[in-house]
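Here's the structure we're looking at; comments come further down.
The values are calculated or read from the model by the stated rules, or taken from the named source; none is laboratory data. This structure is a prediction, so every number in the text was calculated from the model and none was measured. Cβ sites come from the backbone with ideal geometry, for glycine too, and all protein chains shown count toward neighbours. Protein only, heavy atoms only, side chains kept; ligands, DNA and RNA dropped before computing areas. Shrake-Rupley method; radii C 1.70, N 1.55, O 1.52, S 1.80 Å.
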Amino acid sequence: MFVYIIRRFLQTIPVLLGVIFVVFLIMKLVPGDPAVLIAGEGATEETIETIRNDLGLNDPLLVQYFSYLKDIVQGDFGESIRSNRPVFDEIMVRLPITMELALISILFSIVLGMIAGILSATKPNSIADITIMLLALIGVSFPSFWIGLMLIFYFSVQLQIFPVAGWDSWMHIVLPSITLGAMGAAIIARMTRSSMLDVIRQDYIRTARAKGLKNRVIIYKHGLKNAIIPVITVIGLQFGVLLGGAVITETVFAINGLGRLIVDSIYARDLPMIQGTVLTASVIFVIVNLIVDTLYRYFNKRIELD
Amino acid sequence: MLEQEDKILEVRQLQTHFFTDEGISKAVDGVDFVLHKGETLGIVGESGCGKSITSMSILRLIDSPPGKIVGGEVVFKGENLLSKSEATMRKIRGNEISMIFQEPMTSLNPVFSVGEQIAEVFRVHQNMGRKEAWKKAVEMLKLVGIPSPEERAKQEPHELSGGMRQRVMIAMALSCNPEILIADEPTTALDVTIQAQILELMKTLQNELGMGVIMITHDLGVVSETCDRVAVMYAGKVVEYATADDLFDQPKHPYTIGLMNSLPRMDIDQESLQAIPGNVPSPYNMPNGCRFAPRCPHAKGICHDAIPELRNTDDGSQVRCWMYTPEWEDHSDITKAGVK
Amino acid sequence: MSVQTQVAQDKELLLDVKNLKQHFPVKGGLLGRTINHVKAVDGVDFQMNEGETLSIVGESGCGKSTTGRAILRLDNPTDGEIYFQGQNLLKLNKKEMRKVRKDLQVIFQDPFASLNPRQTIKSILYEALSIQNVLPKAKRLERIYELLEHVGLPADSIHRYPHEFSGGQRQRIGIARALAVDPKLIICDEAVSALDVSVQAQVLNLLKSLQNQFNLTFLFIAHDLGVVRHISDRVIVMYLGKIVEIADKKTLFQSPQHPYTKALLSAIPVTKKEEKRERIVLEGDVPSPINPPEGCRFHNRCPLAVDACKTQVPPLRNIENGHQVACHLVS
């Protein structure tokens, strides 16, 4: 197990190097010269050239990449063109907000999705099952910005239970989390159901029944720990989708998180900031995948044999 | 004959049917047998004869839907299990009547240690604490002949060989000292030398603990070596019910005879085997008369028209065949093949 | 020695397996390198004559199926030579091997898994015929009807699909497919193991009669010793990747020499008193083929093992008339 984690961890290094390279390359290919932007309107050709030299934009591509890499490893993501503050510092202010939103959303997805999936699986083709699966279908097929707007319309504008926007109290967290987690909950519910139905047919469940165990124990102890294995993979994938969804949700609810930072810096052509935010998101995704793989391994020890 | 009070289980006219899109499958259709204390009863037959469904019906482990026990009685210690509540059944399962299955590979939960899976039985049925239950689990592993049981208890099923896993299943089943052990093809998935170990172990433990065993198998060799009494099943019905000695010395039902002739002999050379022609009938579409009639070398008119009863013969065994009834000679349409 | 075996020995050598080894790598460690090998087959030698039935028996993990797969070149053996009709199969390229497959067919345990569920019986058999291009197109349909008759299936099964047949009938289809190209050698890998005894007997009878009719050679891989005794002329017993004993059927079943063979035969549950042997119950499980025991691989379970067994690998020695045994205690 320990060897596995180390090995898996080492494998993430080339992945990260690749991610950094791609982020670096994309920014190089994007039209628009950062030196022009920094210099501001009406600057002379000479000023721009000086800035370009200062930034190292005239060096060969590979040299630029390695100096970029060196900076990143030292935690230096450069300075924001928009605010002139270090990119790293700004990201660190926004990151906790997005992480909070993402974690609460994924938690919401997991809890709701798994409970719904188990309920469905234990009584297949019942009214409860059909209702849950219909809701899950809606959750999968409706876009999150629409769900967000509908929630704001009913719960904030009409019923006035939750605030419309912002990020101050726990009341602010509820609607964005539902918005962001709805699709995940739906996907997890469907996965849990099919996985659970598959597990219930296994021989060891029959053994558990023959032992005289209660249905509850059979489902939640003997069934769930096996059924959860494919669900974990889905949760991992879902987390990536969630980071992408955060961009939209944060915009809809006017939350100052990483997602909005990405959007704002794209509008402002704030290249170092775009690089920094995209890189941060990628790193988070890689780490989450590492955790998911480790969990998968923990729950499914049989794969060590293969 | 065994004493009446020794009787611990009696199955009467058991019927378990499956209601599917294709129709009603009468998997078990009127099965009777008796199990006495300390005795081993074999239920033998080929795939689809209903032997496993019968054993699952005793503990009411049939998945419903599509399966349903539609008739009969399962009398255990004087009470009909088919009219008991689910809660009462739970107290009986794994406690007074235990079961082991064919596939030791898949019958143990892959994500829990084998010790935990055995200890669970003690916690549920004997209200033991975790520590005490674990200690008992290790004792059980020792009882079934697993070397270094303390370490093995902590292992998960995939770390054990097939034979070891079946030992674990036996340990689990015998934890509460049950009165009946139902063994559903316990050695079919195992190699023959491991099968010999497991059968030996079961015999030893049965002598020690005195439980009755119902041995479900397709292997006549296993029946002959382990069983006192045998019920031969074909297409959902018992066709012959006799002591093992009588069955193998003087098989009566044409199906039993056919089954024995199909087996390659280990003592003499045969140019060809006496196979039973044809195939088992579909459970959705059973013949009207005797279910074996379409494959039977002796069948005549009456066999295709009416189902014979399971009747006593002179030597105390029972057989479901028109040949052993007074009606047989009355029928004029005698075929060339008589009773040999 | 039976007349049958003598006849077999007069016949031509069809298959000669020399020092066959099949090792599968085990990956592990920090860098996922090959850290060890599963020695599934570890130095196997035997010969087969035309027209005989040779069986390989042994328990799971003994390497009997791997041996069959190696001969068919389904895996690439680690070492050794396999001469089939004088040609070393392991030296052939894919195209040459395809030609050899005309004479080298296989029947698997699970007929359902080896038949395409979307093909009718006609197209399954037609395909078998066209791959080897053994017959002009005009004659193929006629041949298909002939094959169905040989294996005892009604002519109207030609337009039906595999799922419409019972297990025994599907195995007949598998046999028809193997038979289609007029092969010399058919490898039967647990071909009757999944069948009920009454149907198994039908299929065994069929195989025997086809063998007489078409002068087929069978390499019969099975774990059921009753079946093996019925069908074979000679028998190979394998244990943990090595051959422990080869003998003609009568000798093997009447006077087995290797302690493992003795234990194996004694473990078969039988129905008749005349068939009973004194039971030798072996202790423990078969060791892992990754790290097989030193010396004789059976020594740690052998009731008769002496010191030499723990260190020296016993060679497969001829004790009389083709009866070969790999045991230090048998001379």
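How many residues does region A:269-284 hold that are surrounded by fewer than 18 Cβ atoms within 10 Å (Cβ to Cβ) and modelled with pLDDT of 85 or more? Steps first, answer last, please.
So in region A:269-284, the residues surrounded by fewer than 18 Cβ atoms within 10 Å (Cβ to Cβ) come out as A:269, A:283.
Add one more test, that the residue is modelled with pLDDT of 85 or more, and what stays is A:283.
So the count comes out to 1.
Looking across region C:214-237 at every residue that is among the charged types (D, E, K, R) and in a loop (DSSP other than H, G, I, E, B), the one that is nearest to the other protein chains (Cβ to nearest Cβ) is identified as C:ASP224. Test C:PRO256 against the criterion of being within 10 Å of chain B (Cβ to nearest Cβ), assigned to a loop (DSSP other than H, G, I, E, B), without any contact (Cβ under 8 Å) to a residue 60 or more places away in the chain and open to solvent by less than 40 Å² (accessible area, probe 1.4 Å), and give yes or no. So C:PRO256 fails the test.
Identify the residue in region B:110-125 that is among the hydrophobic types (A, V, I, L, M, F, W, C) and more than 9 Å from chain A (Cβ to nearest Cβ) and, among all such residues, is nearest to B:ASN177 (Cα to Cα). Quick ask: steps written out before the conclusion?
Going through region B:110-125, the residues among the hydrophobic types (A, V, I, L, M, F, W, C) turn out to be B:111-112, B:114, B:118-119, B:121-122, B:124.
Those still in the list that are more than 9 Å from chain A (Cβ to nearest Cβ) too: B:114, B:118-119, B:122.
On the way: B:VAL114: 19, B:ILE118: 13, B:ALA119: 14, B:PHE122: 11 Å.
The selected residue is B:PHE122.
Exactly one residue out of B:VAL223, B:VAL280, B:VAL230 is within 12 Å of chain C (Cβ to nearest Cβ), under 13 Å from B:GLY45 (Cα atoms), open to solvent by 40 Å² or more (accessible area, probe 1.4 Å) and in contact with a Gly (Cβ under 7 Å, 6 or more places away or on another chain), and it is B:VAL280. Total residues in region A:65-80 satisfying the condition of being hydrophobic (A, V, I, L, M, F, W, C) and open to solvent by 30 Å² or more (accessible area, probe 1.4 Å): the figure is 3. Looking across region C:318-331 at every residue that is surrounded by 13 or more Cβ atoms within 10 Å (Cβ to Cβ) and modelled with pLDDT of 90 or more, the one that is nearest to C:LYS250 (Cα to Cα) is identified as C:HIS323. Of the residues B:SER57, B:SER107, the single one that is free of Cβ contacts under 8 Å to residues at least 60 places away in the same chain and within 14 Å of chain A (Cβ to nearest Cβ) is B:SER57. Count of region A:4-59 residues, restricted to those that are outside any helix (DSSP H, G or I) and open to solvent by less than 40 Å² (accessible area, probe 1.4 Å), is 3. Answer with yes or no whether C:VAL192 is open to solvent by less than 10 Å² (accessible area, probe 1.4 Å) and within 11 Å of another protein chain (Cβ to nearest Cβ). When the stated conditions are applied, C:VAL192 passes them.
Going residue by residue through region C:260-283, is there one that turns out to be on the phi > 0 side of the Ramachandran plot, in a loop (DSSP other than H, G, I, E, B) and either more than 17 Å from the chain's Cα centre (by Cα) or not assigned by TED's automatic domain parsing to the domain that holds C:PRO303 (or both)? Explain how you work it out, then say what you get.
Looking only at region C:260-283, we keep the residues that are on the phi > 0 side of the Ramachandran plot, and these are none.
Among the residues of region C:260-283, not one is on the phi > 0 side of the Ramachandran plot, in a loop (DSSP other than H, G, I, E, B) and either more than 17 Å from the chain's Cα centre (by Cα) or not assigned by TED's automatic domain parsing to the domain that holds C:PRO303 (or both), which makes the answer no.
Every condition in (1) more than 26 Å from B:MET202 (Cβ to Cβ); (2) in contact with a Phe, Trp or Tyr (Cβ under 8 Å, 6 or more places away or on another chain); (3) open to solvent by less than 10 Å² (accessible area, probe 1.4 Å) holds for C:ARG297 except the one numbered (3).
I'm trying to understand the selection: among the residues of region C:283-307, which are more than 16 Å from C:VAL244 (Cα to Cα) and either within 14 Å of another protein chain (Cβ to nearest Cβ) or hydrophobic (A, V, I, L, M, F, W, C) (or both)?
Result: C:GLU283, C:GLY284, C:ASP285, C:SER288, C:ILE290, C:VAL306.
The lone criterion from (1) surrounded by 22 or more Cβ atoms within 10 Å (Cβ to Cβ); (2) more than 12 Å from chain C (Cβ to nearest Cβ); (3) outside any loop (DSSP other than H, G, I, E, B) left unmet by B:GLU151 is number (1).
Search region B:234-267 for residues being of a type in the set (D, E, K, R) and at the interface with chain C (Cβ under 9 Å from one of its Cβ atoms), and hand back the single one that is nearest to C:SER255 (Cα to Cα). I'd like the intermediate steps shown before the answer.
Going through region B:234-267, the residues of a type in the set (D, E, K, R) turn out to be B:237, B:240, B:245-246, B:249, B:252, B:265, B:267.
Now narrow it down to the ones that are at the interface with chain C (Cβ under 9 Å from one of its Cβ atoms): B:265, B:267.
Numbers: B:ARG265: 17, B:ASP267: 13 Å.
Result: B:ASP267.
Close contacts from region C:216-243, counting a first residue that is open to solvent by less than 10 Å² (accessible area, probe 1.4 Å) and a second that is in a strand (DSSP E or B) and charged (D, E, K, R), with Cβ to Cβ under 7 Å and a gap of 6+ residues or different chains, come to C:ILE221/C:ASP189; C:VAL237/C:GLU245; C:GLY241/C:LYS39; C:GLY241/C:ASP42.
Across region A:138-183, the qualifying residues are those that are assigned to a helix (DSSP H, G or I) and of a type in the set (Gly, Ala, Ser), and the one among them that is surrounded by the fewest Cβ atoms within 10 Å (Cβ to Cβ) is A:SER141.
Taking into account only those residues within region B:292-314 that are within 14 Å of chain C (Cβ to nearest Cβ) and in a loop (DSSP other than H, G, I, E, B), which is farthest from C:GLY168 (Cα to Cα)? I'd like the intermediate steps shown before the answer.
First, pick out the residues of region B:292-314 that are within 14 Å of chain C (Cβ to nearest Cβ): B:292, B:294-297.
Then drop every residue that is not in a loop (DSSP other than H, G, I, E, B), which leaves B:292, B:296-297.
On the way: B:PHE292: 18, B:CYS296: 18, B:PRO297: 20 Å.
Ranking the candidates gives B:PRO297 first.
Can you pull out the residues in region A:207-238 that are assigned to a helix (DSSP H, G or I), of a type in the set (D, E, K, R) and either in contact with a Cys (Cβ under 6 Å, 6 or more places away or on another chain) or surrounded by fewer than 19 Cβ atoms within 10 Å (Cβ to Cβ) (or both)?
Just the residues of region A:207-238 that are assigned to a helix (DSSP H, G or I), to begin with: A:207-210, A:215-238.
With of a type in the set (D, E, K, R) added as a condition, the list becomes A:209, A:216, A:221, A:225.
Matches in region A:207-238: A:ARG216, A:LYS221, A:LYS225.
Scanning region A:3-13 turns up one or more residues that are away from chain C (no Cβ under 14 Å) and either aromatic (Phe, Trp, Tyr) or touching a residue at least 12 places away in the same chain (Cβ under 8 Å) (or both). For beta carbons closer than 7 Å, sequence separation of 6+ or different chains, a first residue in region A:125-147 that is farther than 21 Å from A:PHE253 by Cβ and a second that is open to solvent by 70 Å² or more (accessible area, probe 1.4 Å) and charged (D, E, K, R), the qualifying pairs are A:ASP129/A:LYS123; A:ALA136/A:ARG190.
Taking residues in region C:289-303 that are in a loop (DSSP other than H, G, I, E, B), and partners anywhere that are among the polar types (S, T, N, Q), the pairs with Cβ atoms closer than 7 Å and at least 6 places apart or on different chains are C:ILE290/C:ASN36; C:PRO293/C:ASN300; C:GLU294/C:THR311; C:GLY295/C:THR311; C:GLY295/C:GLN312.
Restricting attention to region B:188-220, which residues are surrounded by fewer than 19 Cβ atoms within 10 Å (Cβ to Cβ), within 14 Å of chain C (Cβ to nearest Cβ) and of a type in the set (D, E, K, R)? B:GLU200, B:LYS203 - these are the residues of region B:188-220 that are surrounded by fewer than 19 Cβ atoms within 10 Å (Cβ to Cβ), within 14 Å of chain C (Cβ to nearest Cβ) and of a type in the set (D, E, K, R). Consider region C:304-323 and keep the residues that are in a loop (DSSP other than H, G, I, E, B) and of a type in the set (Gly, Ala, Ser). The one that is nearest to C:VAL286 (Cα to Cα) is C:ALA305. For region A:248-267, filtered to residues that are in a helix (DSSP H, G or I) and open to solvent by less than 40 Å² (accessible area, probe 1.4 Å), the residue that is nearest to B:ASN109 (Cα to Cα) is A:THR249.
For region B:233-277, the candidate set comprises residues that are of a type in the set (S, T, N, Q) and open to solvent by 30 Å² or more (accessible area, probe 1.4 Å); within that set, the residue that is nearest to B:GLN318 (Cα to Cα) is B:THR243. Apart from one condition, C:HIS163 fits all of (1) outside any helix (DSSP H, G or I); (2) away from chain B (no Cβ under 12 Å); (3) surrounded by fewer than 22 Cβ atoms within 10 Å (Cβ to Cβ); the exception is (1).
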